Amino acid sequence: MDMEQNQQSQPPVFNPQGQAQQPAPQYQPRVTASPMMDPVTAVKTCFKKYFDFKGRARRSEFWWFVLFDVVVSSALTFLAGLVPVISYVSLLFTLVMIIPLLSALTRRLHDVGRSAVWVVILGMFILAYYGAFAALIGSNIDMLAEVTDLMGLAQVMADSVQKAPMVATVLVCSSLGALFFVVLNVIFAVFDSKWGENKYGPSPKYR
């Protein structure tokens, strides 16, 4: 009887091998976001990286540059309605901005871990659009010299479409394709920067 009481009063034996080992807590590095890039710095950076399709660009760099393009283009379009000759300046500005916008978009996609293949496809549609546009204008280059306002330019385009319907079809299809891939790339560009380094370089936002 005493032996049974002693056995019942003894504490249970601890068996470390019979228990599952708890995983060691993983170290989580402290991540801090660098300050947002200001508009002037963003525009300067994008022009400085005019032909730079490598590396990464955070949202503030890309979207400030896009806003700069929209504001200047809108102002030139408004002024072209008052002074027709400014329409040529507006067209020149649009052509000058194509490459830095595509390079900035490429770096923005790299920042979210996406390939630049989407930008390449967009660039192909843009080239097709401007090629078709130049072909249409070139077919009526003599009439274009007499254009003094936007209505005259629209009349030249209408006459060009009648002379070259196939080129006009390419113009319409390329513009629709460019619009689709612009929307798709804009959606990608809205995403936040990927933390850490990826195959395109270190994160410009998270340190």
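The values are calculated or read from the model by the stated rules, or taken from the named source; none is laboratory data. Since this is a predicted model, take the numbers as computed values, not measurements. In this analysis, Cβ positions are derived from the backbone assuming ideal geometry, glycine residues included, and neighbour counts consider all displayed protein chains. Heavy atoms of the whole protein, side chains included, go into the accessibility calculation; ligands, DNA and RNA do not. Shrake-Rupley method; radii C 1.70, N 1.55, O 1.52, S 1.80 Å.
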Q: Please determine, by comparing only the residues of the range 81-114 that are assigned to a loop (DSSP other than H, G, I, E, B) and within 11 Å of the chain's Cα centre (by Cα), which one is farthest from Lys194 (Cα to Cα).
A: Arg114
Q) Within the group Phe78, Phe65, Phe53, which residue is surrounded by fewer than 19 Cβ atoms within 10 Å (Cβ to Cβ), aromatic (Phe, Trp, Tyr) and assigned to a helix (DSSP H, G or I)? A) Phe78
Q) surrounded by 17 or more Cβ atoms within 10 Å (Cβ to Cβ) and modelled with pLDDT under 90: does that describe Ala168? A) yes
(Q) Residue pairs, Cβ under 6 Å, 6 or more apart or interchain, first in the range 194-205 and within 21 Å of Val117 (Cβ to Cβ) and part of a loop (DSSP other than H, G, I, E, B), second open to solvent by 30 Å² or more (accessible area, probe 1.4 Å) and not hydrophobic (A, V, I, L, M, F, W, C). List them. (A) Lys194/Gly113
Q: For the range 113-163, enumerate the residues that are open to solvent by less than 60 Å² (accessible area, probe 1.4 Å), of a type outside the set (Gly, Ala, Ser) and at pLDDT below 85.
A: Phe133, Leu136, Ile137, Asn140, Leu144, Val147, Leu153, Val156, Met157, Asp159
Q) Which residues, counting only those in the range 72-122, are among the polar types (S, T, N, Q) and touching an Asp or Glu at 6+ places or on another chain (Cβ under 7 Å)? A) Ser103
Q: Scan (1) within 20 Å of the chain's Cα centre (by Cα); (2) touching a residue at least 12 places away in the same chain (Cβ under 8 Å) for the single condition Val117 breaks and write down its number.
A: (2)
Q: Please identify the pairs in which a residue from the range 131-145 that is of a type in the set (Ser, Thr, Tyr) and in a loop (DSSP other than H, G, I, E, B) has its Cβ atom under 8 Å from the Cβ atom of a residue that is modelled with pLDDT under 75 and open to solvent by less than 50 Å² (accessible area, probe 1.4 Å), counting only partners at least 6 apart or on another chain.
A: Ser139/Ser160
